[in-house]
Amino acid sequence: MLILSFLAALLICAAGFCEEPGVVTEKPSTGRFVEWEGKYLVPYSVTIPGTEVTFEMVPVPGGKFLMGSPKDEADRSEDEGPQVEVEVDPFWIARTEVTWAEYKAFMRLYRIFKDMHASEIRIVDDSNRADAITVPTPLYEPDHTFKHGEDPRQPAVTMTQYSAKQYTKWLSGMLGQQFRLPTEADWEYACRAGSKSAYHFGDDPQLLSEYACYDENAKDGPALVGSFKPNPWGLHDMHGNVWEWVIDGYTEDGYENIKGGGKSLAVVQWSEKVYPRTVRGGGWQDSADRLRSAARMGSEDEDWKSEDPNVPLSPWWYTTDPTREIGFRIVRSVRPLKGDLLKKFWEIDNEDLQFEVDVRLNEGRGVMGLPVPDLADELRKRK
């Protein structure tokens, strides 16, 4: 199975038998790096196979932090507490949000998989279904998604959490590196970059315009990624531009269920409901208080798909604001995840969502395919 094969390859690399992306054995003389188990984690660039599209992964040091906001923080919401101490292992995180250049490569797979299915090439069946992915159907109403632009350097928006999860599974299969959505703890830890203040740069929202695209400086849409100053760990747009999916379900009582704290992966608030799921970071139409490091928002699928004419509603796309402010960025764990835990980051976890996907597949309005490196040739042909 694909999951097992590239996980095995990663574990072999981690054992020192091949060159692992983002890991070097000699201490770098310049630039950011993270020391880990006698090696050094460094930034590295990734090219999506079959394209000229690149993105950068940045190492984040391990450590402990308080997730959430203190009771005396200005503009605090009840869903940001109680504060929880979380221990985070080192990981890599994308320097910017996933762009349209990156996400459109994923979108092109719809026609590629359709043609492969018609030609009976690499058919998905019971023997390989666990390795397969679904890809977004063509947009029913592109004007909604692209109203504020589709520049290749703008963040991709309006995808569901499920679609973002499938993107990470696809990219993992193409590259042999294990990508996933961040946990809520991963995301806030990376956003804070060692800070305890409302924003990574302090508590004064007057400085926000140097670091974020939000309602005070937005020009009718999200900015090109990386247009503003990064945080101390080299990450752009953690405040503002678009909200970013994390893997956790959303809870109005915040972290009450995990107030004992623990390791990042042990405090994930897994959900089996389609919604609400959590997005973090604030968007280009939001005020400064919504961009604080601890600010959270829960998804509302019924409202966010209220203009979707499809029956059942799309599992891959939203049609209604605020989803033109919803995107994501990806992470890679320092140690690959295994088995059921990995499946939680990639697979369907709700019966209603499974039904929606199955209906689309049975009616021929959806398609499954295998995320293997050979797809690079097809992507190259269909630029």
query = Which three lengths, in whole Å and largest first, does the chain cover when its Cα atoms are put on their principal axes?
reply = 61, 52, 38
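Considering only protein heavy atoms, what per residue accessible area in square angstrom results for segment 278-373 with a 1.4 angstrom probe? Present the calculation step by step, with values, prior to reporting the outcome.
Details: 3540 Å² over 96 residues.
Heavy-atom accessible area per residue stands at 37 Å².
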request  = Evaluate the distance, in nm, between pseudo-label points positioned 7 Å from the Cα of residue 120 and of residue 257 along their respective Cα→Cβ axes.
outcome  = 4.7 nm
query = For segment 179-240, what is the accessible area per residue in Å² when the probe is 1.4 Å?
reply = 37 Å²
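Please sort by residue number the GluC sites (Glu not before Pro) in segment 276-383 whose DSSP state is loop and whose Cβ has at most 14 other Cβ atoms within 10 Å.
On the way: sites: 300, 302, 307, 325, 347, 351, 356, 363, 378; in loops: 300, 307, 347, 363.
Answer in residue order: 307, 363.
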remark   = Checked segment 147-287 against the a/c 1.5 cut and the a/b vs b/c comparison, axes a ≥ b ≥ c from its Cα gyration tensor; verdict oblate
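Report, to the nearest whole %, how much of the accessible area of the chain belongs to carbon and sulfur atoms, 1.4 Å probe, protein only.
Details: 7890 of 16180 Å².
Within the chain, the accessible surface is 49 percent carbon and sulfur.
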note = Ignoring ligands and nucleic acids, residue 335 exposes an accessible area, probe 1.4 Å, in Å² to the nearest 10, of 120 Å²
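Mind ranking 219, 383 by accessible surface for me, highest first, 1.4 Å probe?
Descending accessible area places them as 219, 383.
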Gap separating the Cα centres of segment 287-320 and segment 172-214, nearest whole Å = 20 Å
key: Shape category assigned to segment 230-383 from the gyration tensor of Cα positions, a/c cut at 1.5   = rounded
request  = Heavy atoms only, probe 1.4 angstrom, no DNA, RNA or ligands counted: give me 333, 287, 29 ranked by accessible area, highest first.
outcome  = 29, 287, 333
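Leaving out ligands and nucleic acids, note down the accessible area per residue over segment 48-112 with a 1.4 angstrom probe, in whole Å².
I get 38 Å² per residue for this part.
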inquiry  = Taking the Cα centre as origin and putting +1 on Lys and Arg beta-carbons and -1 on Asp and Glu beta-carbons, what dipole magnitude results for the chain, to the nearest 20 debye?
reply    = 1400 debye
In nm, spacing of pseudo-spin labels at residue 227 and residue 343 (7 Å Cα→C-beta vector) = 4.3 nm
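Sort 131, 374 by accessible area with a 1.4 Å probe, largest first. If you can, show how the numbers build up before the last one.
Details: 131 10, 374 90 Å².
Listed by decreasing accessible area, they come as 374, 131.
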request  = Beyond 30 Å between alpha-carbons counts as too far, so tell me which of 196/343; 114/219; 114/305 fall in that bin.
outcome  = 196/343; 114/219
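The values are calculated or read from the model by the stated rules, or taken from the named source; none is laboratory data. These numbers were taken from a predicted model, which means no experiment stands behind them. Virtual Cβ from ideal backbone geometry, glycine too; neighbours counted across all protein chains shown. The area values use the complete protein model at the heavy-atom level, side chains included, leaving out ligands, DNA and RNA. Shrake-Rupley method; radii C 1.70, N 1.55, O 1.52, S 1.80 Å.
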